[in-house]
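Scroll down for the structure; my scribbles are underneath it.
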Amino acid sequence: MATRAKALYIVLLGGPGAGKGTQAELLSKALGIPQVSTGDLFRENLKDETELGLLAKGYMERGELVPDSITIAMVRERLARPDCEAGAILDGFPRTVAQAEALEALLTELGSRLKVVPYIKVSEEVLLSRLAGRWTCRNCGAMYHQLFSPPRQPGVCDKCGGELYQRADDTPETQRHRIQVYFEQTAPLIDYYREKGLLVEVDGQRSISEVQAELLRIIADDRRR
Ligand code: AP5
Ligand code: MG
Ligand code: ZN
């Protein structure tokens, strides 16, 4: 396997609705490395009715985490592909300490390491308002918000003309549960990465472009180290 010593692996931390997907997509374009979103990977598998998709279905519908073993195996397979040789923006992974440890071991195996972990910080109230207004393009995955970044025409994607839909796990009850699961199982990763000296806090309650500019600044700083 080619050496990945110079590859740029970045983990975006943040609660459901913090803007991980929105920012990961922009970073991926700006940096020319893929966005690896475990939520998107599970949703694609669900759509294609694969064995993995069927395994993940119930957990996702309830707003619970898919078991670590399944998630880690999926990420291992994804990161091994050649398009991740120059790095990847990890969005929604890791979400437990066990996943973080597995990621560290995997990157070591690949001859690399994590470069930086931006934590997109957003209050619980704002998380809920973001999730409640989110619309996603069924065709290209572009994300909109009915108040904060509405499409030009309701229900239609600006980029590709595709149909916009609301995610099945974006019911008020599941949203609240996802936020609770985040605080219980994922928020401990904030201290985990802080102790490793990788965490950089980003105020996520600003405009999408302001958050993006700061993320790019943090990544550029880190590259100079
Ligand atoms: P996943 O798809 O990862 O969902 P999530 O963590 O709940 O996060 P979201 O995708 O809801 O939020 P986001 O931070 O990406 O925000 P977005 O950019 O969309 O996971 C879904 C499920 O899959 C999990 O519940 C679990 O079952 C399973 N799963 C996934 N990964 C797993 C793992 N590692 N282990 C186990 N299970 C796993 O933004 C939200 C909205 O806000 C959008 O409308 C956007 O337009 C808007 N917005 C974004 N930024 C701003 C801003 N700065 N200002 C105003 N509006 C903004
Ligand atoms: Mg997302
Ligand atoms: Zn689209």
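The values are calculated or read from the model by the stated rules, or taken from the named source; none is laboratory data. Quick caveat: nothing in here was measured; it's all calculated off a predicted structure. Counting neighbours? That spans all protein chains shown, and the Cβs are built from the backbone with ideal geometry, glycine included. Note: areas computed on protein heavy atoms with side chains; ligands, DNA, RNA excluded. Shrake-Rupley method; radii C 1.70, N 1.55, O 1.52, S 1.80 Å.
In the set (1) at negative phi; (2) touching a Ser or Thr at 6+ places or on another chain (Cβ under 9 Å), the condition left unmet by residue 101 is number (2).
Within segment 128-147, restricting attention to residues that are within 8 Å of ligand 1 (Cβ to nearest atom) and in contact (Cβ under 8 Å) with a residue 60 or more places away in the chain, the residue that is least open to solvent (accessible area, probe 1.4 Å) is 131. Evaluating residue 157 against the criteria (1) within 22 Å of residue 12 (Cβ to Cβ); (2) surrounded by 18 or more Cβ atoms within 10 Å (Cβ to Cβ); (3) out of contact with any Gly (no Cβ under 7 Å at 6 or more places or on another chain) leaves one unmet condition, (1). Counting the residues of segment 44-72 that are out of contact with any Leu (no Cβ under 9 Å at 6 or more places or on another chain) and not acidic (Asp, Glu) gives 8. Out of (1) within 25 Å of residue 208 (Cβ to Cβ); (2) surrounded by fewer than 18 Cβ atoms within 10 Å (Cβ to Cβ); (3) of a type in the set (A, V, I, L, M), the odd one out for residue 73 is which? The failed condition is (1). Looking only at residues that are in contact (Cβ under 8 Å) with a residue 60 or more places away in the chain and in a loop (DSSP other than H, G, I, E, B) in segment 168-186, which one is least open to solvent (accessible area, probe 1.4 Å)? Among those residues, the one meeting the criterion is 169.
For residue 38, the stated conditions hold: it is under 28 Å from residue 132 (Cα atoms) and either within 16 Å of ligand 3 (Cβ to nearest atom) or of a type outside the set (Asp, Glu) (or both). Of the residues that sit in segment 27-59 and are farther than 22 Å from residue 209 by Cβ and among the basic types (Lys, Arg), which one is nearest to ligand 2 (Cβ to nearest atom)? The selected residue is 43. Scanning segment 48-64 finds one or more residues that are free of Cβ contacts under 8 Å to residues at least 12 places away in the same chain, of a type in the set (Lys, Arg), under 19 Å from residue 182 (Cα atoms) and surrounded by fewer than 20 Cβ atoms within 10 Å (Cβ to Cβ). Close Cβ contacts (under 6 Å, 6 or more residues apart or on different chains) running from residues in segment 21-35 that are open to solvent by 50 Å² or more (accessible area, probe 1.4 Å) to residues that are of a type in the set (A, V, I, L, M) and modelled with pLDDT of 95 or more comprise 35/24; 35/89.
Please indicate, with yes or no, whether at least one residue in segment 100-120 is closer than 20 Å to residue 23 by Cβ, surrounded by fewer than 16 Cβ atoms within 10 Å (Cβ to Cβ), more than 12 Å from ligand 1 (Cβ to nearest atom) and modelled with pLDDT of 95 or more. No, every residue in segment 100-120 fails to be closer than 20 Å to residue 23 by Cβ, surrounded by fewer than 16 Cβ atoms within 10 Å (Cβ to Cβ), more than 12 Å from ligand 1 (Cβ to nearest atom) and modelled with pLDDT of 95 or more.
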